[in-house]
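Working notes for the structure below.
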Amino acid sequence: GILNVAGVVGALASGWAMNAFGRKATIITTCLIAAAGSVMAAAATGINSLLLGRAVLGLAIGGVFATVPMYIAEVVPLRMRGCLVSLSEICLTVGVLVGFLAGCGLGALPAVYSWRLLVLAGAAPAVLNLIFLPRLPESPRWLLLRRGPDAARKEFARSGAPPELVHEVLDAREEEPEASWEELVRPTPALLRNLLVGLAVGLIQQLTGIEAAMYYTPVMIARAGLASERVQLLLTVGMGVMKLVATLGAGAAVDSVGRRPMLIYGSLSIAACYAAMSASYASGWVLLCVGSLYVFVACYAMSLGPAGWVVISEVFPTRFRAQSASLSVAINRAASAACVLTFLSLANALTPAGLFAVMALVNVGSAAFLYRFLPETKGKSLEDIELEFAAISGHTAVLKDDRPTGRV
């Protein structure tokens, strides 16, 4: 729970930091915090120091979720934006699977050492990022927004950016005043729709219950009737492998299939899986429960997992992207904490069959919302997406701007 609660704070803080210091500097800072949190937790001498280390790590997790997808979206050409933004979800899935496998491998060591080594291993990705991140370019869109076109051109020349990205970014609006939280509280009609969609996608991604399902897979399998701890562990590792394979497939398809159908059909598929799980618990069919749980994770990994982060990274206007994306991630982390902390209590109060029936209805509602409000964004520059939302909302002040669009 404390990871996600601290993640809310980390996400909100990263929104300010990304605008003030740049996307790249913020990512480097979150990596430093992540490494420090892992070391603190691994060296903990008591419950209080362990929770402090976990809280520091949670700050970094919230910051990474807010900054990395957005940074990737701003530095790559539109034709490969969906695929490359999906890499963040792929890396997350790899980390979960490695964690499962490391837990199995370290289980043979004395408990006093095994958990510390497992926690300390979390610092390795942060250290690797700190080695390679300084070589990456700053976001040209942030440079254009804060320092003007000359700074963006210099970064393009230094990094050897592809011509299509240069054209896409430099066609955009030039230096503007920094966005304020007051403008987000009292948004224009166009920005209101951006916020409605972007914040909702952050919430919907966690209303699937994916993190609760991953945390409590052994518990769910045990309640379905499989008491063997070895079987539970093998099924959990198998689920991690399947989630990785499905996420890789979705990352490859998101730029061809599109974000909108992936999110809508993904929500409906997840609802069907919850309905099947509800029936399995009501009837005692163990194989149906395990099969439905696996299909549920696969459906999430092929839809709301990668495509959700893609939409969050691209749906907000550049001027408001940092604050808006951080707010969406804060809602995402808060919803995750709520789902994880209440899952077992709700399962006891409603019975697993009742809880999964409710989750099926929630995801049907998510699909209906996405069908009504989410436009397709594949194949469009970030600037063209901003104009499309303005057109949908009828915000003529944006539409009458005579600047060229960024479509290439």
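Ranking of 393, 303 by solvent-accessible surface, largest first: 393, 303 (1.4 Å probe, protein heavy atoms only, all chains present). Using the alpha carbons alone, the radius of gyration of region 231-330 stands to its Kirkwood radius in an Rg to Rh ratio of 1.08. Is the shape of region 1-55 best called rounded, prolate or oblate, per the rule: a/c under 1.5 gives rounded, else a/b larger than b/c gives prolate, else oblate, with a ≥ b ≥ c the square roots of the Cα gyration tensor eigenvalues? Judged from the Cα gyration tensor, region 1-55 comes out oblate (a/c at least 1.5, b/c at or above a/b).
Computed over the chain, the quotient of the alpha carbon radius of gyration and 2.2 N^0.38 Å is 1.00.
Sorting 392, 61 on solvent-accessible area from highest to lowest, probe radius 1.4 Å, gives 392, 61.
Exposure check, 1.4 Å probe, all protein chains in place: residue 378 carries approximately 70 Å² of accessible surface.
For region 23-157, the percent of C-alpha pairs falling in each 10 Å distance bin, counted from 0 to the bin holding the largest distance, reads 11, 34, 30, 15, 7, 1. Note on residue 79 and residue 111: the model spin-label points, each 7 Å out from Cα along the C-beta direction, lie 5.7 nm apart.
For the chain, the longest principal axis of the C-alpha atoms and the axis of helix 149-159 are separated by about 60°. Once all protein chains are placed together, residue 109 keeps about 80 Å² accessible to a 1.4 angstrom probe. Computed over protein heavy atoms with a 1.4 angstrom probe, the accessible surface ordering of 23, 193, 158, largest first, is 158, 193, 23.
Kirkwood radius for region 308-385, taken over all pairs of different Cα atoms as the inverse mean of 1/r, rounds to 14.9 Å. Above 16 Å, the calculated P(r) of region 29-69 contains 30 percent of its Cα-Cα pairs. By the Kirkwood approach, averaging reciprocal distances over each pair of separate Cα atoms, region 344-389 gets a hydrodynamic radius of 13.2 Å. Each part reduced to its alpha carbon centroid, region 275-312 and region 105-156 end up 31 Å apart. What angle do you read, to the nearest 10 degrees and between 0 and 90, between the alpha-carbon axis of helix 111-120 and the longest principal axis of the chain? Around 10 degrees separate the two axes.
Residue 132 contributes about 120 Å² of solvent-accessible surface, heavy atoms of the protein only, 1.4 Å probe. Cβ-Cβ distance of residue 285 and residue 128, R₀ of 30 Å, FRET efficiency by 1/(1 + (r/R0)^6): the value works out to about 0.10.
The values are calculated or read from the model by the stated rules, or taken from the named source; none is laboratory data. What you see is a predicted model; the values in this text were computed from it and never measured. FYI the Cβ positions are ideal-geometry reconstructions off the backbone, even for glycines, and counts take in every protein chain you see. When the accessible area is computed, the model is the full protein with side chains, heavy atoms only, and any ligands, DNA or RNA have been set aside. Shrake-Rupley method; radii C 1.70, N 1.55, O 1.52, S 1.80 Å.
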